Amino acid sequence: MRYLRLLRLQLRTALLLALQYRLDFLVKALLSLAWVSVALVPLVVLFHQRDDIAGWRWPEALLVVGFFSLLKGVLDGAIRPSLQEVVERIRTGAFDFLLLKPADAQFLVSTARFELWNFADCCAGLTLIGYGLAHSGHRPTLGGVLLALALVGASLLILYSIWIIVVGLAFVAVKVDNLTYLFGSIYEAARWPASVFRGVLAFIFTFVIPLVVMTSFPALALLDRLGSRQALGAVVGAFVFAAFARALWQRSVRFYTSAGG
């Protein structure tokens with residue numbers, strides 16, 4: 001409960017800050033929505049030439065883009081801002097102040113900063129998911145919806161864990177900004193359905209950087225086309241990622257040399 005109160009306080013602070021600059025908040029939210037429209041352009045061009053791509057029809061591909069936008073909203077609004085800030089804290093020695101606080105350091109760095117205007121991507125993603133379902137000709141079952149929600153939760157856990165792993169490297173390498181930008185660029189591939197990737201790319205984006213698990217699996221769950229073994233593997237894999245990220249974080253903190261040390 002104490003950590004929930006801390007999280008609520010951080011969100012309230014971010015909201016008050018956003019309300020101080022309402023026009024700036026609105027402009028950034030509109031730009032975020034414009035980005036979602038741009039992300040659809042490659043799909044629009046391809047589906048203008050053919051009826052399906054690797055077995056995915058237009059409404060079904062929209063589900064993938066919808067989940068991609070939903071997760072990107074959380075990534076850019078909550079995960080990326082906080083964890084990028086901690087890299088600078090480690091570099092300057094300001095990480096000392098977090099270690100002195102009577103709370104878990106990983107929780108504090110993970111909730112240090114929120115950019116609420118990026119959550120406009122979440123709204124756009126939910127809109128695309130609703131539109132795609134309405135035009136897919138398929139009515140999802142209750143089990144499919146619940147499974148999709150569980151997979152979204154697993155996807156968020158994977159995203160967060162990957163960023164914790166990248167930031168954990170900052171305790172050793174310090175300068176890891178390029179890695180964060182690299183992952184942001186790689187994540188763009190998650191807008192494409194899983195079957196588009198073949199060979200080595202299919203292996204990498206399923207098991208190493210599980211992009212298809214994050215976006216295609218929830219879409220397949222809504223379409224009732226995801227096997228139980230795949231769903232179970234995705235959820236278990238998410239917890240394995242989280243456990244590894246936590247262990248790496250705790251080990252990495254030991255390498256930190258304070259500003260006064």
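The values are calculated or read from the model by the stated rules, or taken from the named source; none is laboratory data. Just so you know, these numbers come straight off a predicted model, no measurement behind them. So basically every Cβ, Gly included, is an ideal-geometry build from the backbone, and we count neighbours across all protein chains shown.
Identify the single condition in (1) closer than 28 Å to GLU88 by Cα; (2) in contact with a Lys or Arg (Cβ under 8 Å, 6 or more places away or on another chain); (3) not hydrophobic (A, V, I, L, M, F, W, C) that THR215 does not satisfy, given that it satisfies every other one.
With respect to (1) closer than 28 Å to GLU88 by Cα; (2) in contact with a Lys or Arg (Cβ under 8 Å, 6 or more places away or on another chain); (3) not hydrophobic (A, V, I, L, M, F, W, C), THR215 is out only on (1).
Hey, can you tell me all the residues within segment 51-97 that are crowded, with 20+ Cβ neighbours inside 10 Å, free of Cβ contacts under 8 Å to residues at least 60 places away in the same chain and of a type in the set (Phe, Trp, Tyr)?
Within segment 51-97, no residue meets the criteria.
Taking the condition of being surrounded by fewer than 10 Cβ atoms within 10 Å (Cβ to Cβ) and farther than 22 Å from PHE107 by Cβ, how many residues in segment 1-35 meet it?
Counting residues in segment 1-35 that are surrounded by fewer than 10 Cβ atoms within 10 Å (Cβ to Cβ) and farther than 22 Å from PHE107 by Cβ gives 3.
Looking only at helices (runs of 4 or more DSSP H) that fall completely inside segment 83-148, which ones have 1 or more residues that are under 17 Å from the mean Cα position of the chain (by Cα) and closer than 21 Å to PHE217 by Cβ?
It comes to 120-136.
When THR215 is evaluated against the numbered criteria (1) surrounded by 21 or more Cβ atoms within 10 Å (Cβ to Cβ); (2) free of Cβ contacts under 8 Å to residues at least 12 places away in the same chain, which criterion, by number, is the only one it fails?
(2)
Looking at LEU19, is it free of Cβ contacts under 8 Å to residues at least 60 places away in the same chain and within 21 Å of ALA190 (Cβ to Cβ)?
no
Quick check: anything in segment 227-234 more than 20 Å from VAL74 (Cβ to Cβ) and in contact (Cβ under 8 Å) with a residue 12 or more places away in the chain?
Yes, segment 227-234 contains at least one residue that is more than 20 Å from VAL74 (Cβ to Cβ) and in contact (Cβ under 8 Å) with a residue 12 or more places away in the chain.
Pick out, from segment 188-261, the helices (runs of 4 or more DSSP H) lying fully within it that include 3 or more residues that are among the β-branched types (Val, Ile, Thr).
The helices (runs of 4 or more DSSP H) meeting that bar are 211-222, 228-253.
Among the residues that make up segment 146-169, is at least one of them on the phi > 0 side of the Ramachandran plot and at pLDDT 85 or above?
Looking through segment 146-169, none of the residues is on the phi > 0 side of the Ramachandran plot and at pLDDT 85 or above.
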